[in-house]
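Have a look at the structure below, then the notes.
The values are calculated or read from the model by the stated rules, or taken from the named source; none is laboratory data. Values in this document were obtained by computation on a predicted structure and should not be read as measured data. In this analysis, Cβ positions are derived from the backbone assuming ideal geometry, glycine residues included, and neighbour counts consider all displayed protein chains. Ligands, DNA and RNA are excluded from the accessible area calculation, which covers all protein heavy atoms including side chains. Shrake-Rupley method; radii C 1.70, N 1.55, O 1.52, S 1.80 Å.
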Amino acid sequence: MSFDSISWILNPFILMFIAVFLGMLFGQIKFGKFRFGVSGTLFLGLIVGWLVVDYAKQLNTENYGYKAAKSLIETNVISQDFFNIFLILFIASVGLLAAKDMGVVFKKYGWKFIVLGFLMTLSGAIATYGVTLLSSSSNPYEVSGVYTGALTSSPGLAAAIETANSHASDWANQYETLNSQKKTELLKLLDPSGNLTTENTASLTDDQKQELIKIAEAGIGIGHAVAYPFGVMIVIIAVNLFPRLFNIDINNEKKLFIKEIEELQKYSNENVIQEVEFDLTAFIIVCLTGFTLGSIKVSLGPLGNFSLGITGGVLIASLLLGYIGKIGFLNFRMNNKLLAIIRQLSLAFFLAIVGLRYGSEVFSALTGSGAILAIVSIVVKTTAMLTGLIVGKYIFKINWVMLSGAICGTSTPGLGAAIDAVGSDDPAKGYGAIYPFALLGIVIFTIILHNMPF
């Protein structure tokens, strides 16, 4: 009887289980009224990923577990395939959950939440681009990661990583045809020390191309992980501080909100479809349709090719099919509790995988450009929330009870803070109303940020 302890600890399944287990325990710890919840798996994934990569690099050919260590480093700890499957499951469940309320949102609030969702994410993207232009050392991939991290969007992170992979791959393969400035930018990413120049690098080797893709993905993870905690802190502070700064009477807003709810109930019985516990065939159709939709590429001229990717494709498919509700024998209206379980399970593993894959790079970055990324994230999140408050409250006249949830955008921790600040669960209605539109906005503007000149 024998047991290979090194291969066991370096096994991707073991690492995922450990990261999720420890992350969920960490997520239950309260910091005042706030706790990270399932997002804790990201942070423990970062720590586990950092430790395991550092350990693997110390093993050489003479060590018993060298092959396992080499495999771990080559696959960047966890295979991309694991990332993709949990991403698809997470987005599909989120979309189907949000789709059930789309009819009420459109009929009562019309275009207001659609516009608000896109304005908040657009202002955040503009702030991201504007602030990073002030730095001569801006990394476009870290910038996109900061954007999704500041807005605390896990689906946005998924879109950013996926787009970065495709973006870096396209530029690497087109290297010989690029202009001198673009070549210099790519070489700077490959070799920050400046040893690689356009004069001594006429083309990229296959290893350099793969390294560029890895750098791009890692940059997203670095930017997101550094920005995320600051994004969470800003949203918690904002939902508590905004009523005082802008003289919002919460008690009066709650009374007015009761009247609005009575109006909403007029539409609650329309488009009623009997839901089922869970329709596996329908769920698979959502995933298949979304994956196919995300694979379609549309040319945007100088901005390059645009595609929704897995994230945007599955999101749109799940929202559309979920809103339709039923097609023949396929029922897309499924039990909320079961969909919520799938969402939480897939999100926990998705965040843990992100942490495991980029933990080593993140801890290295914290000693370098981390301070700059943190400042950018604070500016981005504050800008987005102020935009939501000003437009939502003073232009669209949305009640603060619902608006407090809406300006959280896609931040689940922020929603928890809004519920505590208002003293009821009602902000969740605003959060659910804006979520799909803010999410789609983040996906779109993340893709656009990749194609902007830096």
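Yes/no matrix, rows are residues, columns are (1) at pLDDT 85 or above; (2) open to solvent by 50 Å² or more (accessible area, probe 1.4 Å):
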{"position": "Ile237", "(1), (2)": "no, yes"}
{"position": "Ile248", "(1), (2)": "yes, no"}
{"position": "Asn251", "(1), (2)": "yes, yes"}
{"position": "Asn271", "(1), (2)": "no, yes"}
{"position": "Leu280", "(1), (2)": "yes, yes"}
{"position": "Ser295", "(1), (2)": "no, yes"}
{"position": "Pro302", "(1), (2)": "no, yes"}
Margin query: I'd like to check something: does region 112-134 contain any residue that is more than 30 Å from Phe396 (Cβ to Cβ), touching a Leu at 6+ places or on another chain (Cβ under 9 Å) and open to solvent by 10 Å² or more (accessible area, probe 1.4 Å)?
Written below: no
Notebook entry, point to check: Going by the conditions given, is Val443 modelled with pLDDT of 85 or more and either hydrophobic (A, V, I, L, M, F, W, C) or in a helix (DSSP H, G or I) (or both)?
Noted result: no
Next item on the list: Evaluate region 307-321: report whether one residue or more is of a type outside the set (Gly, Ala, Ser), at pLDDT 90 or above, surrounded by fewer than 19 Cβ atoms within 10 Å (Cβ to Cβ) and within 21 Å of the chain's Cα centre (by Cα).
Entry: no
Notebook entry, point to check: Out of region 331-359, which residues are open to solvent by 40 Å² or more (accessible area, probe 1.4 Å), of a type in the set (Lys, Arg) and either under 19 Å from Thr311 (Cβ atoms) or not in a helix (DSSP H, G or I) (or both)?
Noted result: Arg343
Item checked: Members of region 1-34 found to be in contact (Cβ under 8 Å) with a residue 24 or more places away in the chain, outside any helix (DSSP H, G or I) and either under 19 Å from Asn76 (Cβ atoms) or open to solvent by 40 Å² or more (accessible area, probe 1.4 Å) (or both), listed by number -> Asp4, Leu10, Asn11, Lys33
Check: How many residues are touching a helix residue (DSSP H, G or I) at 6+ places or on another chain (Cβ under 7 Å), modelled with pLDDT of 85 or more and among the aliphatic types (A, V, I, L, M) when one looks only at region 14-45?
Finding: 9
Next item on the list: Give me the pairs, please: first residue somewhere in region 94-118 and over 22 Å from Leu347 (Cα atoms), second residue anywhere and open to solvent by 50 Å² or more (accessible area, probe 1.4 Å) and at pLDDT 80 or above, beta-carbon distance under 8 Å, and either six or more positions apart or on two chains.
Entry: Met102/Tyr323; Gly103/Tyr323
Margin query: Looking at the structure I just gave you, is Phe242 at pLDDT 85 or above and under 17 Å from Gly392 (Cβ atoms)?
Written below: yes
Next item on the list: Evaluate region 52-74: report whether one residue or more is open to solvent by less than 60 Å² (accessible area, probe 1.4 Å) and under 22 Å from Arg343 (Cα atoms).
Entry: no
Check: Looking at this structure, is Ser93 at pLDDT below 85, on the phi < 0 side of the Ramachandran plot, open to solvent by less than 30 Å² (accessible area, probe 1.4 Å) and of a type in the set (Ser, Thr, Tyr)?
Finding: no
Margin query: For region 80-102, give me the residue count where each residue is outside any helix (DSSP H, G or I) and of a type outside the set (Lys, Arg).
Written below: 1
Check: Just wondering, is there one or more residues in region 394-402 that are modelled with pLDDT of 75 or more, buried (at least 24 other Cβ atoms within 10 Å of the Cβ) and under 22 Å from the mean Cα position of the chain (by Cα)?
Finding: no
Note to self: Looking only at residues that are open to solvent by 10 Å² or more (accessible area, probe 1.4 Å) and touching a helix residue (DSSP H, G or I) at 6+ places or on another chain (Cβ under 9 Å) in region 207-216, which one is nearest to Asn139 (Cα to Cα)?
What the structure shows: Ile215
Notebook entry, point to check: For region 36-79, which residues satisfy the criterion of being in a loop (DSSP other than H, G, I, E, B) and free of Cβ contacts under 8 Å to residues at least 24 places away in the same chain?
Noted result: Gln58, Asn60, Thr61, Glu62
Margin query: For region 170-206, give me each residue that is open to solvent by less than 60 Å² (accessible area, probe 1.4 Å) and of a type in the set (Phe, Trp, Tyr).
Written below: Tyr175
